[in-house]
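Structure record follows, encoded as structure tokens.
The values are calculated or read from the model by the stated rules, or taken from the named source; none is laboratory data. Values in this document were obtained by computation on a predicted structure and should not be read as measured data. Here Cβ is always computed from backbone atoms with ideal geometry, including for glycine, and neighbour counts include all displayed protein chains.
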Amino acid sequence: MKLFSSVNDVTDIDALVKEALALKQNPYANQELGKNKTLALVFLNPSLRTRMSTQKAALNLGMNVMVLNIDKEGWALELRDGVVMDGTTVEHIREAAGVMGQYADIIGVRSFPGLRNREEDYSEMIFNKFVEFCKVPVVSLESATRHPLQSLADLVTITELKTTARPKVVLTWAPHIKPLPQAVPNSFSEWMCKADVDFTIVQPKGYELCADFTQGATISYNQDEALVDADFIYVKNWSAYEPYGNILGKNEEWMLTNEKLKLTNNAKVMHCLPVRRNLELSDEILDGPNSIVVHEAGNRVWAAQAVLKQMLESL
Ligand code: CP
């Protein structure tokens, strides 16, 4: 594997999930594979889980790891071509990414969307420029439109904890005070549509995701109806795709509660984290027996390790 930016970069999803679960049982079996190989993790935005789990995954594989918070510690990057750099930017992404490729065997990049210009965000301009100019394999640590390491960890978690062959999985919109990217729900939907699950997305009118990511999903606007018999509930806020990046209303009644859980098949509750308590998800859910959010975050290590292992094998 030379690129991990979406589910479309995976040739065999089942095999990758099985690999992640096998690595969970035997984390240090491939330490020779990563010996004298370097992973550079480049963050243009904050992170807790992605940073630590991917670093841990690389260490388990015997790799060296460098972390650069380029938004805070690097030179201000110029992304546009053909401009006179007489403003605030100091270094062009062509040189910056090219130089990183000299130091690292694999590069991870996190680049959130600006949520102002949909065309620009959905073209994945920043992420794609890193891929183009660094000349080494690249793993997405969350880009403008997708979060594939999170989605793989989510599928690993569902596969690990399901009690029926084809579980019902519901992605439900949740309230928030800030406009959030569509990357996590886009990506989760894209992976669920390719997995062997019965998948529903439920949201208030106006929060429909880009249809490119939801082919095969059942779309609903009634949360109570959608939750009936759910085995897994994936809770997430996202801003509108149209008008792009907008919050359309408070919709506080969409926060998941124990009362709503009664509609489900004792559903396990997932969230990618970080989560705002009692806004996106109630204390009673997060502190109750149905929440698997910490377990899910733990599986980020094995998802990242499976991807890095496949990349190391292709070097
Ligand atoms: N879920 C997730 O990606 O967490 P971080 O933003 O903390 O990395």
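In table form, for the structure just shown:
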| quantity | calculated |
| --- | --- |
| In segment 96-114, residue nearest to the ligand (Cβ to nearest atom) [restricted to those that are out of contact with any Leu (no Cβ under 7 Å at 6 or more places or on another chain) and either assigned to a strand (DSSP E or B) or polar (S, T, N, Q) (or both)] | 107 |
| Selection from segment 256-273 of residues that are closer than 23 Å to residue 24 by Cβ and either surrounded by fewer than 19 Cβ atoms within 10 Å (Cβ to Cβ) or among the basic types (Lys, Arg) (or both) | 268, 273 |
| Candidate set from segment 48-58 (those that are buried (at least 18 other Cβ atoms within 10 Å of the Cβ) and not basic (Lys, Arg)); member that is nearest to the ligand (Cβ to nearest atom) | 50 |
| Residue list for segment 26-47, restricted to those being more than 9 Å from the ligand (Cβ to nearest atom), polar (S, T, N, Q) and in a loop (DSSP other than H, G, I, E, B) | 26, 30, 31, 36 |
| Qualifying residue in segment 84-104 (condition: among the small types (Gly, Ala, Ser) and without any contact (Cβ under 8 Å) to a residue 12 or more places away in the chain) | yes |
| Scope segment 146-171; condition crowded, with 24+ Cβ neighbours inside 10 Å and polar (S, T, N, Q); matching residues | 150, 151, 157 |
| Cross-chain or 6+ apart pairs with Cβ under 6 Å, segment 216-244 first and at pLDDT 95 or above, then of a type in the set (Asp, Glu) | 237/280 |
| Hits in segment 117-168 - residues which are in a helix (DSSP H, G or I), over 28 Å from residue 290 (Cα atoms) and within 16 Å of the ligand (Cβ to nearest atom) | 127 |
| Set 253, 242, 259, 284: member being under 25 Å from residue 112 (Cβ atoms) and of a type in the set (D, E, K, R) | 242 |
| Hey, residue 196 within 29 Å of residue 22 (Cα to Cα), surrounded by fewer than 17 Cβ atoms within 10 Å (Cβ to Cβ), touching a residue at least 24 places away in the same chain (Cβ under 8 Å) and among the acidic types (Asp, Glu) or not | yes |
| Meets criteria (in contact with a Gly (Cβ under 9 Å, 6 or more places away or on another chain) and exposed (fewer than 12 other Cβ atoms within 10 Å of the Cβ)) for residue 246 | no |
